[in-house]
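Structure incoming, see below.
What follows is calculated from the coordinates using simple rules that are stated; it is not laboratory data. Since the model is a prediction, treat every value here as computed from it, not as a measurement. Virtual Cβ from ideal backbone geometry, glycine too; neighbours counted across all protein chains shown.
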Amino acid sequence: ESPFVQGLCEAASPHHPERVTSVGRDGASDVVSFLRAGIPAVEFGPVGGGHHGPEEWVSVSSLANYRRTLVEFLDGVSRWLPKEGSP
């Protein structure tokens, strides 16, 4: 429901041929602390696998799309911020 999470999905969609979705996976991250405090959070990054293990890898070609997504998301943040003087 967060407009920021929706905005991140919008920013990522043009750079991924498949639908951008929420995906659960085993492991831990700092996101858990935010979620427990009721703060929406995402874990988002380039394509890879073997997280935090000896076979961890990242797709170098996915880094460009990851960067584009972040830039487009940040360019759009002002659309989701409350306007001055609004609650």
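Applying the Karplus parametrisation 6.51 cos²θ - 1.76 cosθ + 1.60 with θ = phi - 60° to the phi angles of segment 35-46, what ³J(HN,Hα) value in whole Hz is obtained for each residue in order, glycine and proline being reported as x?
Whole-Hz 3J(HN,Hα) from phi for segment 35-46: 4, 5, 8, x, 9, x, 8, 10, 10, 9, x, x.
A further question follows. Want the number for residue 77 to residue 15: 0.36 nm per residue separation, take away the alpha-carbon distance, what's left?
On the way: separation 62, 0.36 × 62 = 22.32 nm, distance 1.82 nm.
Answer, rounded to one decimal: 20.5 nm.
Which value in nm describes the separation of the simple spin-label points at residue 55 and residue 2, placed 7 Å from the Cα toward the beta carbon?
If labels sit at residue 55 and residue 2, their model points lie 3.2 nm apart.
Once phi is turned into θ = phi - 60°, what whole-Hz ³J(HN,Hα) does the Karplus curve with 6.51, -1.76 and 1.60 give for every residue of segment 71-79, x standing for Gly and Pro?
So the J values, rounded to whole Hz, are 5, 5, 4, 5, 4, x, 4, 4, 5.
Next question, about the same structure. If a paramagnetic tag sat 7 Å from the Cα of residue 62 along the Cα-Cβ line, which residues of segment 34-48 would have the backbone N under 17 Å from that point?
Counting only backbone N, you get 42-48.
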